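Here is the structure we will look at.
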Amino acid sequence: MRNIIISLAFGATTLSAASAFATESLKLTVNGMVCAFCAQGIEKRLTKMDATQAVFVDLKNKVVAVQAKDGKKLDGKLITAEIADAGYDVTKIETVTQSVDQIKAQTKAKK
């Protein structure tokens, strides 16, 4: 009986520690994207950045989501500059605690 209680307590500690490391992503509103080529260009540029794990571009809603690698922090100014250098305008940027996959799923659910 004692071993079970210790295991459960240890498991609870592990779960709370894991939830402390929430995924950080940036969600940007970008004007000027009109086609798949635009989306692909932005995705390629942002994927090459050191802190980037994943990128999602939603043309219809003018959204670009960028997820940080574990242990890395995204630099919003650097990402904005990269998008602007590609010829697009970032009108809004927000930090969210969702993965790119979660943002994709939300976008598909809205359709």
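Those residues that are surrounded by fewer than 18 Cβ atoms within 10 Å (Cβ to Cβ), in contact with a strand residue (DSSP E or B) (Cβ under 7 Å, 6 or more places away or on another chain) and among the aliphatic types (A, V, I, L, M), I need them from the range 64-92; list them, please. Residue satisfying the conditions is 84 alone.
For the range 1-55, a residue qualifies if it is over 23 Å from residue 87 (Cβ atoms), among the aromatic types (Phe, Trp, Tyr) and modelled with pLDDT of 50 or more, and exactly one does: 21.
Can we say residue 47 is more than 10 Å from residue 30 (Cα to Cα), more than 9 Å from the chain's Cα centre (by Cα) and of a type in the set (Ser, Thr, Tyr)?
Working: more than 10 Å from residue 30 (Cα to Cα): yes; more than 9 Å from the chain's Cα centre (by Cα): yes; of a type in the set (Ser, Thr, Tyr): yes.
For residue 47, the condition - more than 10 Å from residue 30 (Cα to Cα), more than 9 Å from the chain's Cα centre (by Cα) and of a type in the set (Ser, Thr, Tyr) - is met.
The values are calculated or read from the model by the stated rules, or taken from the named source; none is laboratory data. Because the structure is a prediction, the values reported are computed rather than measured. Here Cβ is always computed from backbone atoms with ideal geometry, including for glycine, and neighbour counts include all displayed protein chains.
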